[in-house]
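**Q** Sharing a structure, written as structure tokens. Questions coming.
The values are calculated or read from the model by the stated rules, or taken from the named source; none is laboratory data. Quick caveat, the model's predicted, so the values are computed rather than measured. Virtual Cβ from ideal backbone geometry, glycine too; neighbours counted across all protein chains shown.
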């Protein structure tokens with residue numbers, strides 16, 4: 001788990017550069033990420049805030065790996081981010097393939113690190129989610145039974 005914490009701190013530190021680009025150097029962000037489209041200052045600041053949030057998640061999770069909800073939120077943030085960039089490339093055509101590959105290297109390494117380093121932890125999270133859904137659907141079925 002220590003290796004995952006160190007990796008998350010590295011990724012969080014690299015994301016700080018993206019936050020800087022989003023707020024203060026929009027053209028660098030455009031060249032490095034969204035090279036196939038026009039970007040305004042508002043787009044850059046929105047990207048900067050979104051990246052700051054994911055950066056914060058990385059650092060919080062790195063220091064609290066035993067916190068299951070925080071761990072899951074951080075894990076999902078990598079999936080959401082990669083999904084976002086994948087749709088930008090495949091559907092909206094706002095990214096070049098080389099930019100997607102760079103993003104994919106970090107997202108892929110991070111997701112595999114989460115999975116391989118803490119497989120058992122993921123299993124526990126899955127069980128917690130499964131139990132939550134089971135309780136929800138059981139409660140839902142009970143309400144349907146009582147109402148009908």
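**Q** Go through (1) modelled with pLDDT under 70; (2) surrounded by 17 or more Cβ atoms within 10 Å (Cβ to Cβ) for residue 143 and report which single condition fails.
**A** (2)
**Q** If you go through segment 87-105 one residue at a time, how many are under 16 Å from residue 50 (Cβ atoms) and part of a helix (DSSP H, G or I)?
**A** Residues meeting the conditions: 3.
**Q** Within segment 67-74, can one find any residue that is more than 30 Å from residue 2 (Cβ to Cβ) and either touching a residue at least 24 places away in the same chain (Cβ under 8 Å) or assigned to a helix (DSSP H, G or I) (or both)?
**A** The answer is no; no qualifying residue exists.
**Q** Further question on the same structure: Hey, among 51, 46, 40, 87, which residue is assigned by TED's automatic domain parsing to the domain that holds residue 103, at pLDDT 90 or above and surrounded by 15 or more Cβ atoms within 10 Å (Cβ to Cβ)?
**A** 51
**Q** Looking only at residues that are surrounded by 14 or more Cβ atoms within 10 Å (Cβ to Cβ) and under 12 Å from the mean Cα position of the chain (by Cα) in segment 105-115, which one is modelled with the lowest pLDDT?
**A** 114
**Q** Filter segment 20-39 for residues that are in a helix (DSSP H, G or I) and over 13 Å from residue 85 (Cα atoms) and give the result.
**A** Correct list: 20, 21, 22, 23, 24, 26, 27, 28, 29, 30, 31.
**Q** OK, next. What number goes with the only condition from (1) in contact with a helix residue (DSSP H, G or I) (Cβ under 7 Å, 6 or more places away or on another chain); (2) closer than 20 Å to residue 105 by Cβ that residue 13 does not pass?
**A** For residue 13, the exception is condition (1).
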